Amino acid sequence: MRKKLHWALCGTLPLLVSTACAGEDSGKERETLSASQVCDSTLTPRSAKALERLAATERFTELVGTNKLGEPYTFSLKRAAKRLHNDVAERNKCSIYKADDDSGIPLMMIDFTPERDHPDPAEQSGEGARLLFPMGAYADADDENGTYLNFSCPTSGPDGTSPYVAARMWSSSSSRGQDRMAVLNDVSRALAKQLGCADKAALPAQVPEPSTS
């Protein structure tokens, strides 16, 4: 499962860079946002501070332009819920950039997918250093760029019914796993509410202390 997660995160990066370039070519100027405004204003003060620590800045932007469906790249809970079962190019992802960074590479990207299962913490030992968080169905942050959160949330799409939703975060640099999880958890909590599964999701208002694998 960890290898699958690793390849899912790495495999998304070239597409993300491609869409970032497409957004820049749209001619639209990116609006400067505060940490509390990114990802459809889903971050609480606690996770907004976590994002500021990760980025060492208080100024951010998101991807502009439209995808092949003619929908804005800018993240919204409504679009993320609507396109959850679509392929990676059509899903609505939250791509956050430092406002003063012209590299075209996001600071972090959050993507949601429907899942039929979740990793078993007992089966993940010995597959690399990471933090395990007692929340949702499964949650971990590795010591490099990846953060993963799986929570109970039945959804239906063309591929059938899936009992879980997975939230994956890729970060452009190694950073504190607990801060990354704080950001991912708040966006996930908001999406769970949008999908009508907040109670089932079992995502806490504050990220608990992790254990190490």
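The values are calculated or read from the model by the stated rules, or taken from the named source; none is laboratory data. Just so you know, these numbers come straight off a predicted model, no measurement behind them. Here the Cβ positions follow ideal geometry from the backbone for every residue, glycine too, while neighbour counts run over all protein chains shown. Just the protein is used for accessible areas: all its heavy atoms, side chains included, with ligands, DNA and RNA removed. Shrake-Rupley method; radii C 1.70, N 1.55, O 1.52, S 1.80 Å.
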Q) Where residues in the range 148-172 are small (Gly, Ala, Ser) and in contact with a helix residue (DSSP H, G or I) (Cβ under 7 Å, 6 or more places away or on another chain), which of them is modelled with the lowest pLDDT? A) Ser171
(Q) I'm checking my understanding of the structure. Among residues of the range 196-213 that are closer than 12 Å to Phe151 by Cα and either at pLDDT 95 or above or touching a Lys or Arg at 6+ places or on another chain (Cβ under 8 Å) (or both), which one is most open to solvent (accessible area, probe 1.4 Å)? (A) Asp199
Q: Of all residues in the range 102-125, count the ones that are under 30 Å from Thr61 (Cα atoms) and out of contact with any Phe, Trp or Tyr (no Cβ under 9 Å at 6 or more places or on another chain).
A: 3
Q) In the range 28-43, what residues are modelled with pLDDT of 95 or more and open to solvent by 50 Å² or more (accessible area, probe 1.4 Å)? A) Thr32, Ser36, Gln37, Asp40, Ser41
Q: Mind listing whichever residues of the range 78-127 are under 18 Å from Arg168 (Cα atoms) and of a type in the set (Gly, Ala, Ser)?
A: Ala80, Ala81, Ala89, Ser95
Q. Which of (1) over 11 Å from Val38 (Cβ atoms); (2) open to solvent by 60 Å² or more (accessible area, probe 1.4 Å); (3) at pLDDT 95 or above is the odd one out, the single condition Lys68 does not satisfy?
A. (3)
Q: Among the candidates Asp87, Asp117, Asp140, single out the residue that is in contact with a strand residue (DSSP E or B) (Cβ under 6 Å, 6 or more places away or on another chain) and modelled with pLDDT of 90 or more.
A: Asp140
Q. Can you tell me which residue in the range 153-176 is nearest to Ala56 (Cα to Cα), limited to those that are open to solvent by 10 Å² or more (accessible area, probe 1.4 Å) and in contact with a strand residue (DSSP E or B) (Cβ under 6 Å, 6 or more places away or on another chain)?
A. Trp170
**Q.** Ala56 among the small types (Gly, Ala, Ser), touching a Lys or Arg at 6+ places or on another chain (Cβ under 8 Å) and surrounded by fewer than 18 Cβ atoms within 10 Å (Cβ to Cβ)
**A.** no
Q) In the range 93-114, how many residues are in a strand (DSSP E or B) and either surrounded by 19 or more Cβ atoms within 10 Å (Cβ to Cβ) or under 13 Å from the mean Cα position of the chain (by Cα) (or both)? A) 11
Q: Assess whether Ala50 counts as being out of contact with any strand residue (DSSP E or B) (no Cβ under 7 Å at 6 or more places or on another chain), at pLDDT 95 or above, among the aliphatic types (A, V, I, L, M) and surrounded by 20 or more Cβ atoms within 10 Å (Cβ to Cβ).
A: yes
Q: For the range 116-123, indicate whether the set of residues that are in a strand (DSSP E or B) and open to solvent by 30 Å² or more (accessible area, probe 1.4 Å) is non-empty.
A: no
